[in-house]
1. Using beta carbons and a limit of 6 Å, which pairs, at least six apart or on different chains, have the first residue in the stretch A:528-540 and over 18 Å from A:G567 (Cα atoms) and the second one of a type outside the set (A, V, I, L, M) and not in a helix (DSSP H, G or I)?
2. Is it the case, given these coordinates, that A:K326 is under 26 Å from the mean Cα position of the chain (by Cα) and not hydrophobic (A, V, I, L, M, F, W, C)?
3. Can you run down the residue pairs with Cβ atoms below 9 Å, 6 or more apart or on separate chains, where the first is in the stretch A:461-478 and closer than 18 Å to A:A564 by Cα and without any contact (Cβ under 8 Å) to a residue 60 or more places away in the chain and the partner is assigned to a helix (DSSP H, G or I) and within 11 Å of RNA strand B (Cβ to nearest atom)?
4. Which members of the stretch A:147-168 meet the condition of being touching a Pro at 6+ places or on another chain (Cβ under 8 Å) and surrounded by 21 or more Cβ atoms within 10 Å (Cβ to Cβ)?
5. If I ask for residues that are of a type in the set (A, V, I, L, M, F, W, C) and either buried (at least 17 other Cβ atoms within 10 Å of the Cβ) or more than 16 Å from RNA strand B (Cβ to nearest atom) (or both), which ones from the stretch A:6-27 would you list?
6. Scan the stretch A:550-577 and report the pairs whose first residue is closer than 16 Å to A:G114 by Cα and whose second residue is among the aromatic types (F, W, Y) and not in a helix (DSSP H, G or I), with Cβ atoms within less than 8 Å and a gap of 6+ or a chain change.
7. Name the single residue that is surrounded by the most Cβ atoms within 10 Å (Cβ to Cβ) among those in the stretch A:116-146 being in contact (Cβ under 8 Å) with a residue 60 or more places away in the chain, out of contact with any helix residue (DSSP H, G or I) (no Cβ under 8 Å at 6 or more places or on another chain) and of a type in the set (A, V, I, L, M, F, W, C).
8. Go through (1) touching a residue at least 60 places away in the same chain (Cβ under 8 Å); (2) near RNA strand B (Cβ under 9 Å from one of its atoms); (3) touching a Ser or Thr at 6+ places or on another chain (Cβ under 6 Å) and name the single condition A:I338 misses.
Amino acid sequence: MNIFGLFERRVGEALGRLEAAGHIPAGLDTSRVLVEPPRETGHGDLATNAAMAIAKQAKANPRALAELIAADLRTDPRVSGVTVAGPGFINIALAPSTLHEVIRAALLDQHGFGRSGQGAGAAVNVENVSANPTGPMHVGHGRGAVFGDALANLLAFAGFAVTREYYVNDAGAQVDVLARSAFVRYREALGQDVGAIPEGLYPGDYLVPVGRALAEEFASTLLDRPEAEWLPTVRTRAIDAMMALIRDDLASLDIRHDVFFSERSLSGGATDEIRATIEGLRSRGLVYEGRLPPPKGQPPEDWEDREQTLFRATEFGDDIDRPLLKSDGAYTYFAADIAYHRSKFERGFASMIDVWGADHGGYVKRMRAAVKAVSGGDADLDVKLCQLVKLLRGGEPVKMSKRSGDFVTLREVVDEVGRDPVRFMMLFRKNDAPLDFDLAKVLEQSKDNPVFYVQYAHARVASVFRQASETSGFTPDREALAGADLSVLTDEAEIELERRIAQWPRLVEAAAAAHEPHRVAFFLYDLSGVFHALWNKGKDLPQLRFVKQGDERSTVARLALLGALRGVLASGLAILGVSAPDEMR
RNA sequence: GACUGCGUAGCUCAAUGGAUAGAGCGUUGCGCUUCGAACGCAAAGGUUGGGGGUUCGAGUCCCUCCGCGGUCGCCA
């Protein structure tokens with residue numbers, strides 16, 4: 001039950017009547033008409049810009065128009081008052097019973113309140129993580145992983161059919177390096193003195209078990225073979241081991257993918273998908289042989305002007321055409337990526353979201369161009385870039401890792417502070433803003449730790465229900481709560497909590513539309529603040545306490561309010577992938 | 001040089017093109033002597049980096065300049 005959506009339609013009906021009565025012309029563009037919560041609570045429960053949004057088209061005075069709309073809205077029984085303010089805002093005060101209906105709906109449908117048909121079951125592909133299978137995940141990967149997972153949860157909650165996908169970069173030079181690195185560990189496992197890991201190979205000790213497994217499987221049979229013979233086998237074993245490692249890392253954050261898509265499968269199968277993709281584009285005149293100008297500013301020293309195979313990315317908004325073949329004739333990463341995104345389109349995804357690290361920002365335009373090209377303009381790609389995570393402990397930067405040598409692994413952080421703080425804090429910032437993550441702060445049990453603050457709100461609600469049961473033997477079921485007389489909730493702090501709960505469905509829609517899960521985190525933080533404020537008010541004013549012995553009528557009403565709150569907190573935390581504890585010790 | 005993200009209170013950050021730009025921390029004042037304080041209430045604190053434009057209305061959109069970061073054919 002989205003009260004804002006209901007009233008958006010209601011305002012539309014009012015405009016229809018004004019049109020029928022000849023007060024405004026027909027065919028106005030009402031797409032900018034919104035019903036939203038007013039910033040100032042003194043302005044009522046809902047506000048609409050309808051008059052201002054159409055005044056100019058209607059060649060009418062916005063305030064006069066607002067009065068006409070207000071007059072219509074005043075006839076609505078769900079409304080207790082309508083005023084016109086400022087340049088033409090229409091402020092609507094809801095009848096208390098209207099707000100109570102929303103609370104009842106939230107209470108009766110704990111898991112469904114806030115869900116919507118917004119997505120209408122449309123298929124959306126969310127690709128995230130896609131870390132190279134060459135080692136454990138680091139903290140930066142973790143941000144993209146959590147962001148993508150929460151975004152997928154959010155979209156599913158908003159009615160989309162979401163597929164979570166991981167693109168495995170199991171082709172290219174880096175996995176050959178991985179294989180060579182594993183081979184060193186293999187020799188080591190066979191007792192050879194390998195000394196320091198050679199420059200250019202992966203030094204991390206996470207490859208030690210891979211070497212051991214190879215020694216166990218192949219004994220010394222690979223030792224004297226030329227690289228070309230052992231590399232494919234070792235590579236496969238090493239990639240599998242690294243993907244197992246990464247899946248474990250992801251599992252520690254409760255992240256799972258529906259599809260792991262292999263880059264190698266694009267060109268290694270029966271048909272070369274990359275080649276097919278390129279030829280398809282070529283047949284439409286979108287691939288040609290040509291020369292690129294060297295980059296301006298500081299040209300690379302090894303720049304070689306040569307003819308190459310180019311994708312006409314400029315046709316679709318990119319700044320320059322992009323090469324598809326390397327000088328040695330192999331496909332560029334971009335060529336494979338075009339084929340990969342074509343595969344997504346052919347698998348039925350007209351809506352794709354890629355979550356990347358900020359260092360790939362220069363890649364966005366060409367990828368969007370490619371998606372337009374391979375889909376004939378029928379698919380849309382949104383790329384969400386996650387900025388760097390700066391890891392701190394008590395304000396001091398954390399740099400080195402014991403395990404990997406040169407970066408802090410995600411696992412180390414999860415092991416130190418736990419899943420919930422990692423997930424919540426990664427989402428308590430816009431994705432495109434850099435993030436400071438303080439390992440000490442996220443474990444504080446205080447108001448300036450948002451993770452604690454929100455989880456504690458949920459635990460406090462549970463504790464009220466426990467207390468009601470323990471002190472009064474009072475354990476109403478959901479139906480009893482839904483039947484409560486909510487009109488006893490008259491304190492401004494209680495009404496404010498009702499208003500916030502009523503805003504949840506609208507928040508979900510806005511966050512889903514914008515692909516911005518952080519809005520859920522901030523909403524929960526604000527909502528928790530309103531609840532904690534009400535709790536504290538009960539400290540000074542005993543009549544506001546949730547459980548009042550001998551006053552079942554107001555107790556049941558307050559428990560109903562808290563039951564609605566608990567549902568919203570639980571739904572929101574579930575979207576973030578953070579647990580909603582019933583107690584915190 | 002090009003592209004891209006960012007620039008909001010002392011600090012860290014919010015704000016689908018809406019009204020007097022909001023939170024937390026910090027600061028200041030008051031309260032709380034454990035009965036629901038793992039604090040509460042209140043105050044001070046802003047030219048939203050500068051300038052122009054679009055709009056009834058701009059932190060938000062466009063242009064430009066400044067500052068910080070990222071990226072820049074064949075790495076992924």
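The values are calculated or read from the model by the stated rules, or taken from the named source; none is laboratory data. Bear in mind that the values here come from a model prediction, so they are computed numbers and not experimental data. When we count neighbours, we look across all protein chains shown, and the Cβ atoms used for this are built from the backbone with ideal geometry, even at glycine.
1. Short answer, once both residue conditions are applied: A:G538/A:R545.
2. So A:K326 does not fit the description; no.
3. Qualifying pairs under 9 Å: A:T475/A:F465; A:T475/A:A468.
4. Of everything in the stretch A:147-168, those that are touching a Pro at 6+ places or on another chain (Cβ under 8 Å) and surrounded by 21 or more Cβ atoms within 10 Å (Cβ to Cβ) turn out to be A:F147, A:A150, A:L151, A:L154, A:V168.
5. A:F7, A:V11, A:A14, A:L15, A:L18, A:A20, A:A21, A:I24, A:A26
6. A:A564/A:F113; A:G567/A:F113; A:V568/A:F113; A:S571/A:F113
7. Result: A:A123.
8. It fails just one condition, (2).
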